[in-house]
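Notes follow once the structure below has been shown.
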Amino acid sequence: MLHGLLWLPLLFIFILLTALGWLERRRQNLFRSWANGSELCKLDSSGAASLKDGELKWSAFEAGTFEEKDSFTIKRLELVELMALTSGEAPLTNESQGKCRLRLVGDGKEMDVPFSDADQAREWMEQLMEKARCDL
């Protein structure tokens with residue numbers, strides 16, 4: 001009886017990990033279909049972003065679907081800044097890591113796209129500026 005009680009928490013943990021893995025796989029499959037045909041896309045804990053036909057769309061995974069939060073036309077891109085996620089208007093230094101956001105400015109509109117990794121955000125910043133220059 002004692003051995004059975006010792007294995008019960010392990011069984012519960014196994015079932016929990018299996019369920020979490022299934023949910024993550026479902027989220028990734030939904031992202032693949034949502035981002036199909038994109039020139040540039042990302043999925044992380046902060047949300048999903050997709051660049052398709054010069055339009056950048058940012059979405060969050062809510063209730064089993066990707067809910068679109070905002071969109072931005074890359075042709076009108078004037079400025080891309082890497083900002084700290086929590087410290088207001090402070091720009092992120094080159095050495096900084098962790099969560100951050102890309103601030104896109106253009107045509108009188110601002111959009112913040114959150115990222116969970118600063119290195120990925122830096123790569124996106126360069127690629128978005130290249131796309132904006134090519135579209136001009």
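The values are calculated or read from the model by the stated rules, or taken from the named source; none is laboratory data. What you see is a predicted model, and the numbers here were worked out from it, not measured in a lab. Counting neighbours? That spans all protein chains shown, and the Cβs are built from the backbone with ideal geometry, glycine included. Side chains included, ligands, DNA and RNA excluded: accessible areas come from the protein's heavy atoms. Shrake-Rupley method; radii C 1.70, N 1.55, O 1.52, S 1.80 Å.
In region 74-94, the residues that are under 12 Å from L128 (Cβ atoms) and open to solvent by 70 Å² or more (accessible area, probe 1.4 Å) reach residues that are outside any strand (DSSP E or B) and at pLDDT below 70 with C-beta atoms within less than 6 angstrom, at least six apart or across chains, in these pairs: K75/D135. The number of residues in region 50-67 that are within 24 Å of R25 (Cβ to Cβ) and buried (at least 18 other Cβ atoms within 10 Å of the Cβ) comes to 6. Of a type in the set (D, E) and modelled with pLDDT under 80: is that true of D107 in this structure? Answer is yes for this residue.
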